[in-house]
Amino acid sequence: MKRIAVTGIGVVSPVGIGREAFWAGLTAGRSGIGPITLFDASSFPVRIGGEVKGFDAAAIEARFPEARGCRDRKILLALGAAEEAIADARLTPAELRHALLCVGMGLESICLEDLTRYAQAANLGRAMAERAAGGHNDRWMQTPLDRTAQILGSRYGLLGGRITNCSACAAGTQVIGEAWQAIRRGQADMALVGAADSMLNPLGLGGFSLLRVLSAENDCPARACRPFDATRQGTVLGEGAAFLVLEPLARAIARGAKVYAEVLGYGSSLDAFAVSDPEPTGRGAVESMRRALRSAALPPSAVDCVSAHGTGTPKNDIVETAAVKEALGSRAYEIPVHSVKSMTGHMIAASGAVEAAAAALTLATGTVPPTINLDQRDPLCDLDYAACRARPFSGTTILSNSFGFGGQNATIILRKASDD
Amino acid sequence: MAEVAITGIGLVTPLGCAPGEALDRIQRGEKALRPSPLSPPLACPLFAPVMDFDAARYLGDHKTLRLMNRDAQLATVAARLAMQDAGLRAEEASPIAQATCRGDFEIGDACPRGPLYPPEEMALYGSTGLSGIATEEITRLVRESAAPDGSLDLRRFGETALRRIRPVLSFKILANMPLCFVSIFENLRGPNGVYAPWEGNGAQAVAAGVRAVSEGEVPCAVVGGCDVKTHDLALVALEQLGVLDSWRREVSGTVPGEGAAFLVLEERDQAVQRGARVYATVRRQAWGSAASESDLPLVLRGVRSRLGAPPDALVLAAGDGEPAMRNVECAAMAADGVLVDELEHPSHNAPTLLRPKMHLGNLFAGAAAVQIALAAVLAARQASGTPVVANCHGHGTEQAAFLLEAA
């Protein structure tokens, strides 16, 4: 089987724009969560989120004219991250041309501003149809989820196939796993793979706040997301994007590329339980991790670190802790299990890709980012969560989990790059 | 690599839910196209709804149905029909599956015998289209949020509208929900993925299942897709995206439809061993990615060439009435030796060529699964070894075709 390397990373996140700023923010334990500024959320029950601060959308639109007028923020975040990953991998256009493009996307953008204009019409659908038929189609009401893939594919002339995966919070991890499988079986030469999401809009934030999975600690945003802490009250929505370049290790070495890490395994599973809650025994999560371990041909004892899904919801953290212990056995107690979301918030579809980037950087730099805001240990969460401070890491293998709304689970395994 | 057999088919289409019935009606020339409620002003005069659909008839009147959008209900019913058609159920039924046995079809009724697969060994791959949020739901939300001048008032949204909408709204918008409900109802717990939003992305879901079975990752996969392009907002969205443009220039074009199709795929030997009916085996699939519309002729010819289907294979064409796509598809097949005469009469079903979308409308994300399902039924009526091609071309960049063989 081919060994698959990560040779390019691009990140746009609440703790920093660009790979280096992102990593500096994570390892410093800096929270990216603050009051919502992207729209007037003052009347919403939840008014905090992990916004990407200082993101220059106009600059992205200038470099990607196809995205001009696009009112779907996650597309712009994706383009920024993909651009950085491609530059980081130092690929020529010819080398990139046959790349498989795999993009994870979350909630489809629906333009409430446009819809509201027709709210008083006796028949909203007909009112909108009259406008659309009149040729006023410069502002799409719904942006199809494959728009990012279309823009990236056209810009870079990618011919290796395009996949848009919309498996909610598992999408970012699933696309990496699917790209890894495709390269390994020889279906693709290389892949540009990543995910993006932004739920920080009225419909996204409002809808999720109704589900009572969000922390409403609006007065202390930096401490609102407390995975594994006994006082945690829910997760915090974030936004972001990350892209990776994957290619066969042999090819990466031959062209002198920087190798951050290898992707070693992938697994996915379904809870088949409920759309909002994880299966209480963690059965689906365990299956996802075990499938990833099997595909990597690794025993549980080979795992040196877990990048947890770690949302900070009361249910997730207990179930994930139990599942990690079930899947890894005694090894679970010997290794750090950390949550990137404690700093970024929950970036939904983007989470898995951003956390995979963090895992690759953990292996490349020898530092595990912390789980911040973890001051009071929940007795049911009894692992080593790398609380509050980053720490040195000498291990070689990281397992990264993503568990989605609706019960979709995905796990990837990354290993430190080596010549052997 | 294991041979992959299609052993179960579940359809919910504007021409019925029984696979044989839908194919018969297509072959008889019946069409489910009806006048569109939005024409005028939209130029597209037709749409293809599934009439009198009642999910409770198949799933029982379970409270979970109230959490589900129409696309999720269509998908869940189609998946259940496919499982029953295959005589399969997961080794252990989920609590919700047990609670929903009151429908017209009992779980496992068709063939409760034989080896049943552990839930973790049953994969689920599917596709969904543009958000299925329906007009009535969004209308209420924006009416509550409108300022006197008609603009969106976020203060009203937060203070009034949010308090009056149902908490399940997010579950009706998330694109992965139809597949999640399928997993919950059928207790499928294996590898999975959800793809969006066009015909080729639906084909990717089928391909993922074929790969998972052929490579031995799982012995069984449930694959399919669903879409609802019949409510007002979907019709407007298609108009805005230019999908219906040809109706302005010509007298034909894409007719938006709705429905769902799911297939049960199994390792052929194992399926035969358990006495399952094998509709067809999946011989090959071929892919192409069209970076732009001008690439399409070359891409479709490449797909056709890589598929390696004999010129006399039965074909389910992907053309949906949109003239440009029909012409490109015809040219690709003609270049490969398919009789052009039969291709030049788009409203006519020649003996060796069917055009399901001319009868059912275009189910977009669900279209590939419908094409392959109908191809499998057609194959099952032929002599062993007869090749049947399911073209899965369409909007978006990804173009695919599958070659099936009669069992």
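Of note:
- Cβ charges +1 (Lys, Arg) and -1 (Asp, Glu), total dipole of region A:249-385, debye: 640
- Rounded Å value of the spacing that divides the Cα centres of region B:174-229 and region B:278-327: 21
- Sorted by Cβ neighbour density within 10 Å, fewest at the top, the residues A:381, B:226: A:381, B:226
- Selection among A:310, A:38, A:105 by position relative to the dipole of chain A gives A:105 as farthest towards the positive end (Cβ unit charges, Cα centre).
- Mean Cα-pair separation over length for chain A, i.e. relative contact order, pairs under 8 Å, 6 or more apart, %: 24
- Note, ³J(HN,Hα) from phi for region A:259-274, Karplus 6.51, -1.76, 1.60, rounded to Hz, x at Gly and Pro: 10, 6, 6, 10, 8, 10, x, 8, x, 9, 7, 10, 6, 6, 10, 7
- DSSP beta bridges fully contained in chain A are about 70 percent antiparallel.
- Residue list for region A:109-136, given a label point 7 angstrom along the Cα-to-Cβ vector of residue A:68 and an amide N cut-off under 19 Å: A:136
- Close Lys-Lys pairs in chain A, where close means Cα under 24 Å and separation is 8 or more or interchain: 11
- Net charge of the neighbourhood of residue B:159, taken over other residues with C-beta under 12 Å away and scored Lys/Arg +1, Asp/Glu -1, is +1.
- DSSP assigns beta bridges within the protein assembly as shown; of those with both partners inside it, close to 70 percent run antiparallel.
- Reach of residue B:172 by Cα under 16 Å, taken over lysines that are not fewer than 8 positions away in the same chain: B:63, B:229
- Summary of the geometry: region A:145-186 and region A:222-268, compared by the centres of their Cα atoms, lie 16 Å apart.
- Evaluated on region A:206-312, the Kirkwood hydrodynamic radius is 17.4 Å, with distances taken between all distinct Cα atoms.
- Residues whose amide H falls under 5 Å from that of residue B:315, counting only those 5 or more places apart or on a different chain, are B:353, B:354, B:389, with hydrogens built in the peptide plane.
- Computed over region A:1-117, the ratio Rg/Rh where both radii use C-alpha atoms and Rh is Kirkwood: 1.02
- Helical runs assigned H by DSSP (4 residues or longer) give chain B a calculated mean residue ellipticity at 222 nm of -10000 deg cm²/dmol, each run adding -39500 (n - 2.57) before division by the residue total.
- Segment residue A:121-residue A:185, extension gain: residue separation times 0.36 nm, minus the distance between their alpha carbons: 17.6 nm
- Ranked B:395, B:62, A:309, A:346, criterion: other C-beta atoms within 10 Å, fewest first: B:62, B:395, A:346, A:309
- Chain B: relative contact order in percent, alpha carbon pairs under 8 Å with at least 6 residues between: 24
- Histogram of C-alpha separations across region B:249-395, 10 Å bin width, %: 11, 40, 36, 11, 2, 0
- DSSP-loop trypsin sites (Lys or Arg not before Pro) across region A:135-211, with at most 12 other Cβ within 10 angstrom: A:185
- For region B:180-297, taking Cα atoms only, Rg and Dmax work out to 17.9, 55 Å respectively.
- Size descriptors for the protein assembly as shown, from the alpha-carbon set: Rg then Dmax equal 24.9, 76 Å.
- Volume of the Cα convex hull of region A:89-248, divided per residue and given in Å³: 171
- Charge dipole (chain B, unit charges on Cβ, about Cα centre) - positive-most of B:8, B:243, B:77: B:77
- Net +/- balance of residues flanking residue B:212 in space, Cβ distance below 13 Å, scoring K and R +1, D and E -1: -4
- Built amide H within the under 5 Å cut-off of residue B:362, gap 5+: B:255, B:257
- Net charge of neighbours whose Cβ lies under 9 Å from the Cβ of residue B:287, counting Lys and Arg as +1 and Asp and Glu as -1: 0
- Pairs of alpha carbons in region A:251-409 separated by more than 24 Å make up 29% of all such pairs.
- Kyte-Doolittle at least 1.0, axis length at least 18 Å by Cα - qualifying DSSP helices, chain A: A:351-365
- Under 5 Å from the amide H of residue A:4 lie the amide H atoms of A:249, A:263, each residue being 5 or more positions distant or on a separate chain, with H modelled from the backbone and absent for Pro and chain starts.
- Estimated D of chain B in µm² per second, where Rh is the Kirkwood radius over Cα pairs and Stokes-Einstein applies at 10 °C, 1.306 mPa s: 74
- Net dipole in debye of chain A [+1 Lys, Arg Cβ; -1 Asp, Glu Cβ; about Cα centre; nearest 20]: 580
- Its Cα centre serving as origin, the protein assembly as shown has a Cβ charge dipole (Lys and Arg +1, Asp and Glu -1) of approximately 660 debye.
- Selection from B:87, B:122, B:389 lying farthest towards where the dipole of the protein assembly as shown points positive, charges on Cβ: B:122
- Part-to-part distance (alpha-carbon centres) for region B:29-61 and region A:58-121, which is given in Å: 33
- If you look at the Cα atoms of chain A, you get an Rg and a Dmax of 20.5, 70 Å.
- Beta bridges from DSSP with both residues in chain B: antiparallel share about 70 percent, rounded to the nearest 5.
- Karplus 3J(HN,Hα) series, Hz, for region B:192-197 with 6.51 cos²θ - 1.76 cosθ + 1.60 (x for Gly, Pro): 7, x, 10, 10, 8, x
Readers should treat all values here as calculations from the given coordinates under stated rules, not as data from a laboratory. Small disclaimer: the values here were computed from a predicted structure and weren't measured. Glycine also receives a Cβ, built like all others from the backbone with ideal geometry; neighbour counts cover every protein chain displayed.
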